[in-house]
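Only the coordinates and a few stated rules stand behind these numbers; no lab work does. Fair warning: this is a prediction, and the values are worked out from it, not measured in the lab. Cβ sites come from the backbone with ideal geometry, for glycine too, and all protein chains shown count toward neighbours.
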Amino acid sequence: MKKIIFLTALCCLYISLTYSQSLKSSVLTDLPVIFLKKSVSVHLLSDQPVSYLNSSRSGVKLDQPTDGLIRVSLADSTSIGHGDGVLTLVSERGFVQFRLMYNHPFPDSVFCPSIRIGPEDWNPFGIRERKLGKQELKGLACDLLKSTKEIFQTREHRYGIKARLNKISTLGDYIFIDLSFYNKSNIGYEIDQLSFSLEDKKIAKATNSQSVPIVPDVSLFDTGSFKRLYRNVFVFKKFTFPGNKILKVQLSEKQLSGRSISFPIRYSDVLDADAIVY
């Protein structure tokens with residue numbers, strides 16, 4: 001009879017631990033559980049790079065083979081008994097915590113070799129001050145490329161190079177600018193620099209024009225070379241400029257007498273930007 005009662009209590013404890021999977025709680029017994037045992041590694045697959053790892057138990061080994069992959073295992077020491085601990089992961093998006101349970105007398109069926117951490121699992125540091133991480137911004141920029149609604153405004157055509165402003169979108173404090181450059185010549189184009197700057201509208205073409213560089217927070221693709229088409233999405237922290245200014249986009253080639261092409265983006269273009277639903 002005592003054995004039955006013990007097994008029943010053990011099963012109830014196991015069910016309560018595995019059922020409490022909410023990642024929004026700060027109570028130890030409510031944290032999602034990672035079961036560990038000797039000679040078995042658990043891999044956490046994160047949807048974004050993790051910048052900080054911490055375990056409250058020294059007997060737990062942590063390493064990060066790649067940005068989004070964390071390996072959790074027990075130390076080789078045979079003196080490690082059973083216990084509990086807390087694993088904390090921190091990324092640009094926020095933090096997530098797990099309860100570590102090791103060497104408890106639970107069946108092998110509770111051990112999960114891999115656990116995925118998705119966007120809904122991260123706890124933001126502060127909702128009002130929450131900032132989108134670079135991986136999130138790149139994901140949103142990539143989604144813009146798949147969108148069928150395009151502006152496709154041809155802004156400049158020179159030296160066989162055509163520049164197009166495809167789209168401007170906004171999300172919170174971020175501005176997304178989608179650009180394309182087409183090379184109609186038979187000579188490949190090796191990009192030296194694609195720059196953005198605020199210029200005075202009246203003297204934007206003058207040699208003595210004063211400019212203020214604007215650097216994007218994120219570029220979806222690295223600049224390089226292209227033979228026919230170069231398209232990229234740039235993400236900026238929200239900025240404003242008066243009506244007598246323009247945002248100048250300039251593409252220049254690496255060669256000494258390289259082809260250079262530039263065109264303006266008006267403030268009215270920014271004000272007419274589409275809002276991203278996220």
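The alpha-carbon of residue 146 sits under 13 angstrom from the alpha-carbons of these aspartates and glutamates, leaving out residues fewer than 8 places away in its chain: 178. Please compute the contact order of region 161-278 in relative form: average sequence separation of alpha-carbon pairs under 8 Å and at least six residues apart, divided by the residue count, as a percent. Over region 161-278, the number comes to 32 percent.
For residue 60, the shell of other residues with beta-carbons less than 13 Å away shows a net charge of +3, using +1 for Lys and Arg and -1 for Asp and Glu.
Over all other residues within a Cβ to Cβ distance under 13 Å of residue 254, the charged ones net out to -2, with Lys and Arg as +1 and Asp and Glu as -1.
Considering Cα pairs under 8 angstrom that are at least six residues apart, work out the relative contact order of region 221-268 and quote it in whole percent.
For region 221-268, the relative contact order is 32 percent.
Over 23 Å between Cα atoms, which of 134/227; 162/248; 134/162 qualify?
Working: 134/227 28 Å; 162/248 16 Å; 134/162 29 Å.
Result: 134/227; 134/162 exceed 23 Å.
Comparing Cα centroids, region 108-124 and region 212-278 end up 39 angstrom apart.
Within the straight-line cut-off of under 13 Å between alpha carbons, the aspartates and glutamates reachable from residue 37 are 76, 84, 108, sequence neighbours fewer than 8 places apart in one chain being disregarded. About its Cα centre, region 166-278 has a charge dipole of approximately 360 debye under the convention of +1 per Lys or Arg Cβ and -1 per Asp or Glu Cβ, with nothing else charged.
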